[in-house]
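The values are calculated or read from the model by the stated rules, or taken from the named source; none is laboratory data. Small disclaimer: the values here were computed from a predicted structure and weren't measured. In this analysis, Cβ positions are derived from the backbone assuming ideal geometry, glycine residues included, and neighbour counts consider all displayed protein chains. Side chains included, ligands, DNA and RNA excluded: accessible areas come from the protein's heavy atoms. Shrake-Rupley method; radii C 1.70, N 1.55, O 1.52, S 1.80 Å.
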Amino acid sequence: MSEYENAAAPATRKAWRFPNTYTVLLAITAVVWLLTFIIPSGQYHMADGRPVAGSFQVTASPLTTVQRIKELFLAPVNGLYGVENAAGHVGPYESGNLFGAIGVFFYVLSLGAFIVTTTKTGAIDACLGHVAQRFRQRGGLLIVMVMLLIAIGGSTYGMGEETLGFYALLVPLLLGLGFDRMTAVGVILVGSVVGNMNSTVNPFMTGAASAGAGVPMGSGIGLRFAMFIVLTAVAILYVVRYARRVQRNAAHSVVGFSVEDRELAQARLQLPPPMNRRQKGVMLTFAVTFVFMIFAIIPWAQVIAGPNATSWSWQLDWYFPELTALFFVMSIVTGLLGGLRGNGLYNAMLAGISDFMGAALVIVLARGITVIMHNAQITDTVLHSMESLANGAPSGTFTVMMYLLIMPLSFLVPSSSGLATLAMPVLAPMADFTDVGREMVVTAFQCAVGTIAMISPTSAIVMSGLALAKVSYTRYLLWVLPLLGLLVVLNCLFLVLGAALK
């Protein structure tokens, strides 16, 4: 349709759509900046980098109106590489400690280069195709294997939108084995969300939240790993139980079978050929890289001997700079192993950086909001307003309260990394008023974001996945709610357990 034909067409009322993450963050930036004129400045007395309960005092505002305008103008810049001076002010020309999110920013970009380069070699798709081919005659085991692989991807590197390509492979295959389209949604969508909900080293969940909370990314990984095992097992059992009921009796399907479904079931999908030696080498390198990453970030001495223990000689204690270098190097290694050379390797890495740039910019914009609050000295004031909620609360009650508090925030800011960067600097210090470590707030954050992500109508993973599977949102919601309720209960139990074991 030409622009003239479009102009002449009768006006139609456009359906309202929820604003994207960038619009939401820019709106929050403006609102927070305006609130700095209303919320009084204040500060806690700090001891070992943590606020002392009951020590809050209101202070005079450190900024003039002109300086406030400059703060708004420079917010994204300060969010990227702002430096905090000895007086506590953050700016691009200061000297002191890095406050901006440039470490997380480059880490996300390097991970993007690694993930997309590995994907460009065809190894990941070949691996899933190999699993599907090997277990195609054992439908229940196929569901378990593929769902587990997708959950592991969600837990380690935040596999989400990448799963949308799996519907074309799995829908016809599962239909051919006697399952329905909802089974495919359960395997792909639920598997991905449960993996992200129980992230171990996912940079968009654990990485961004840990950075915002000021704790090592490996803190609390033991509890999160246990949660991953239990909750993933529960989700897999839920999907397998439903799938087997449908296989035994098609009347149990909540979506039914169309004529197209019957045709696909008869034709099935031509599965890809078995993995070759090169692809196996790429996948081995891919897995080893994440295993080594987990080893490198875990504070082994502090986990085993206590939080105040001195790091052991073989302990690496890596953080974002080292992890960034690791993924850039391994991008080259996996690309070469996968047969990428010259411009092919270069373009694959650039494509990965480009694909993940949006997520990285979200982190920067969110950190810019934090800088506005920090320089106006209202962060402690906001924290003080919530101190009574945490002060004296039982540890288990506090962690569950964090879980419930973050859920509505997750709907407002659908980006996990953006919300983590925005909310953790305020919420994590609340743990300092209780007998709970900040890593428990990180864990509660992951659980809350994952809970909302499974049903959010603003999520591209949910809505696009359902569109590709040709399953209505209403039917999916009715199908998944019992599982979601069970996961909520298990999340709360684990949070209480983790707080009690601290």
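Going by the structure shown, is Val254 of a type in the set (Val, Ile, Thr), modelled with pLDDT of 90 or more and outside any helix (DSSP H, G or I)?
Working: of a type in the set (Val, Ile, Thr): yes; modelled with pLDDT of 90 or more: yes; outside any helix (DSSP H, G or I): yes.
When the stated conditions are applied, Val254 passes them.
Which of the residues belonging to segment 380-400 are closer than 25 Å to Thr21 by Cα and open to solvent by less than 30 Å² (accessible area, probe 1.4 Å)?
Leu383
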**OP:** Determine whether Val442 is in contact (Cβ under 8 Å) with a residue 24 or more places away in the chain and among the aliphatic types (A, V, I, L, M).
**Re:** yes
**OP:** Search segment 480-502 for residues that are farther than 17 Å from Ile236 by Cβ and without any contact (Cβ under 8 Å) to a residue 40 or more places away in the chain and pair each with any residue that is open to solvent by 10 Å² or more (accessible area, probe 1.4 Å) and β-branched (Val, Ile, Thr) when their beta-carbon atoms are under 6 Å apart and the residues are at least 6 apart or on different chains.
**Re:** none
Subject >> Condition check for Ile304: surrounded by 13 or more Cβ atoms within 10 Å (Cβ to Cβ), at pLDDT below 95 and in a helix (DSSP H, G or I) >> reply: no
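Answer with yes or no whether Leu490 is in a helix (DSSP H, G or I), modelled with pLDDT under 95 and over 16 Å from the mean Cα position of the chain (by Cα).
Working: in a helix (DSSP H, G or I): yes; modelled with pLDDT under 95: no; over 16 Å from the mean Cα position of the chain (by Cα): yes.
No, not satisfied.
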Subject >> Candidate set: segment 419-435, residues that are among the β-branched types (Val, Ile, Thr) and open to solvent by 10 Å² or more (accessible area, probe 1.4 Å); chosen: the one nearest to Ala359 (Cα to Cα) >> reply: Val426
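Here's the yes/no breakdown for (1) among the aliphatic types (A, V, I, L, M); (2) under 18 Å from Val104 (Cα atoms); (3) at pLDDT 95 or above; (4) open to solvent by 20 Å² or more (accessible area, probe 1.4 Å):
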site: Val329; (1), (2), (3), (4): yes, yes, yes, yes
site: Ile332; (1), (2), (3), (4): yes, no, yes, yes
site: Asn347; (1), (2), (3), (4): no, no, yes, yes
site: Val364; (1), (2), (3), (4): yes, yes, no, no
site: Ile369; (1), (2), (3), (4): yes, yes, no, no
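Of the residues that sit in segment 382-396 and are part of a helix (DSSP H, G or I) and touching a residue at least 60 places away in the same chain (Cβ under 8 Å), which one is farthest from Gln446 (Cα to Cα)?
Of segment 382-396, the ones part of a helix (DSSP H, G or I) are 382-390, 395-396.
This time we only want the ones that are touching a residue at least 60 places away in the same chain (Cβ under 8 Å), so: 382-384, 387, 395-396.
Working: Val382: 22, Leu383: 21, His384: 24, Glu387: 22, Ser395: 18, Gly396: 16 Å.
Top of the filtered list is His384.
Being open to solvent by less than 50 Å² (accessible area, probe 1.4 Å) and assigned to a loop (DSSP other than H, G, I, E, B) narrows it down to one of Gly88, Gly112, so name that one. Quick ask: steps written out before the conclusion?
On the way: Gly112 fails: assigned to a loop (DSSP other than H, G, I, E, B).
Matching residue, one of Gly88, Gly112: Gly88.
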Subject >> Sole residue being open to solvent by 30 Å² or more (accessible area, probe 1.4 Å), over 30 Å from Thr334 (Cβ atoms) and either without any contact (Cβ under 8 Å) to a residue 40 or more places away in the chain or in a helix (DSSP H, G or I) (or both), chosen from Pro62, Pro19 >> reply: Pro19
Subject >> Candidates Gly79, Gly129, Gly160, Gly122, filtered to the one that is farther than 27 Å from Gly358 by Cβ, buried (at least 18 other Cβ atoms within 10 Å of the Cβ) and in contact (Cβ under 8 Å) with a residue 60 or more places away in the chain >> reply: Gly129
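Within segment 401-417, is even one residue crowded, with 20+ Cβ neighbours inside 10 Å and β-branched (Val, Ile, Thr)? Lay out the reasoning, then the answer.
Here is the first cut: in segment 401-417, the ones crowded, with 20+ Cβ neighbours inside 10 Å are 402-403, 406, 410, 413-417.
Going one step further and asking which of them are β-branched (Val, Ile, Thr), we end up with 406, 413.
Yes, because at least one residue in segment 401-417 is crowded, with 20+ Cβ neighbours inside 10 Å and β-branched (Val, Ile, Thr).
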